[in-house]
1. What accessible surface, in Å², does a 1.4 Å probe find on ARG532, ignoring ligands, DNA and RNA and rounding to the nearest 10?
2. Leaving ligands, DNA and RNA out of it, rank LYS183, LYS484 by accessible area with a 1.4 Å probe, largest first.
3. Give or take rounding to whole Å, what are the principal axis extents of the alpha carbon atoms in segment 1-93, in descending order?
4. If one computes P(r) from the Cα atoms of the chain, what percent of pairs lie at distances over 43 Å?
5. May I have the pair-distance distribution P(r) for segment 261-362, computed from all Cα-Cα distances with 10 Å bins from 0 and rounded to whole percent?
6. Counting Lys and Arg as +1 and Asp and Glu as -1, what is the net charge of the other residues whose Cβ lies under 15 Å from the Cβ of GLU180?
7. If you fit an axis through the alpha-carbon atoms of helix 120-148 and take the longest principal axis of the Cα set of the chain, what angle between them do you get, 0 to 90°, nearest 10?
8. Before I look further, what does the chain give for accessible area per residue, probe 1.4 Å, in whole square angstrom?
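The values are calculated or read from the model by the stated rules, or taken from the named source; none is laboratory data. The structure displayed is predicted, hence computed values, not measured ones. Don't worry about glycine lacking a Cβ; one is built from the backbone with ideal geometry, like all the others, and counts go over all protein chains shown. Each accessible area value is taken on the protein alone, full model and side chains, heavy atoms only, with ligands, DNA and RNA left out. Shrake-Rupley method; radii C 1.70, N 1.55, O 1.52, S 1.80 Å.
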Amino acid sequence: MLAHQREEIRALKPLKAKLVTVNEDCDERILAMRAEERSEISMLKKEKMGLLKLIDKKNEEKISLQSEVTKLRKSLAEEYLRYLTERDARKILIADLNELRYQREDMSLAQSPGIWGEDPVKLTLALKMTRQDLARTQMELNTMKANFGDVVPRRDFEMQEKINKDLQEQLESLRDDYEEVRKEHEILLQLHMVTLKERDQFFTELQEIQRTSTPRPDWTKCEDVIAGGSERWQMLAEGKNSDQLVDVLLEEIGEGLLREKDFFHGLGYEESILPPFLRYDGVVENKKPTKKDVINLLKDAWKERLVEEQKEKFSDFFFNFLENRFGSTDAMAWAYTIFENIKLFRSNDLMRQFYEILMEKKSESVFIKQKETVTQLLKELINVDSQNEGLLTMEQLSTVLKSTFPFKKEDKIQELMEAGGWHANSSNADLLNYRALFLEDEEGQSMPFVYKLWEQYIFEKDEYLQELKQELGLELREEVTLPKLREVLMIIDPSLDKQTLNSYLNQAFQVSVTEVPEESVENEENIVAQLRTVLERLEVIDIRRKGAREQEPAVGS
């Protein structure tokens, strides 16, 4: 029994060491996730402090502007008083001049010799009437003093009324500022509470992950099995997450298996499933080209496609291109070879796009429009580069991006700037080699700047379709009519021209251009489709916003 117990202890020692290793690994992951959580919390705190500083800055600017307005109003009041005083002095001066003129006339009459010749009775009567007028005038003056002794002069009343109005405006402005600051404070408190909830939720998820997660795979083991060794694996794995690394590993394994194949078996002639270039019954040769050869062939096909008028379907064009390049005997073998390669290498942008177009998962107009957009942006940058040095400042790049993409939000422009090489320590005067942003590597992969443009296009397209679905207010399984879709498209995008709108409706309901009815036709209500189907069909084509959505008028405006 002792020997048996010793054997069991000897067998359990490796398990104990493994348990200690797993425990240490979990502790390290916990510490790493806590450090990441602390960095996120500190980042949110910094962002909060930045917003509070921005609020204080705005409030200071508002107070300075209010003080300036107050000074201007005070100077205006002083000017108004000066002009009033000048007007009153002018009136007094005119009255004095009139008084002097009347005195001069009285003196001239008194010195006239004929005045002493008038009748004394007449003079006595005139004196009596003058005294009566004086008494009546004195009585009216006393009455006016009694009635209007406490009345404020109109000029003083208007001045006080103006001061009162200014104070009321200042009070309203301060109340609005206070209300705005109070709302911002409530929003910040809500954000703080949401952040705390998210932190607790993340901590709970972390604990759950620690309890149920499996150990992280050791990707360095792949260095020994990948062709090219550790150097090539590090190049392939750079900047990729675990999911992407799995794709890379599958591509490498698939590439090896694909090169071992000497022949492909034809898939038959099923027209409803297979594209024309795969309809073959029999065995075709595997041409075994390198990945670079396939990419160069796809680039040549794209160049030829962009030159022609694009009347035929892309799959028919592709097979005709292979026939012209390799002859009719080898065209089918090359078609199967290229198809298997582009189906395998999904991490390569050029191959993935070509595969999606061949299988009609995306319209070629999507990629043609994207190429035109990139070309137009490069032209705009070249036009700004007056010295033709290939260098622009970050400020010039930002200006060109905002003018070329007027509907992009500020954060999207910022993302493009960061993809182009801008960072937090950069200044607007830093120079950038803008031509390098549009280069491609030997495998046809775009630079991060162009790839970010493509990512933003996909995001904006999804956002546009989500807005369309939300405005329709229907479930995915419900049906939508053609007039309803037309109406909603014009609501969310009023700048749509008729031709573009009809092309969207054609794709959504699978009707030709000539079959799209006018608005006055009654039978257009009969054209219906399931909302899920409509959105999937619109996802295939190049659909994007043509203008800003009109804002609804405010209540009481």
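1. Counting only protein heavy atoms, the figure is 110 Å².
2. Per-residue accessible area, sorted high to low, gives LYS183, LYS484.
3. 135, 13, 6
4. Tail of P(r) above 43 Å: 54 percent of Cα pairs.
5. 15, 51, 32, 2
6. Its environment carries a net charge of -3.
7. Computed tilt is about 30 degrees.
8. On the way: 38850 Å² over 557 residues.
Heavy-atom SASA per residue in the chain reads 70 Å².
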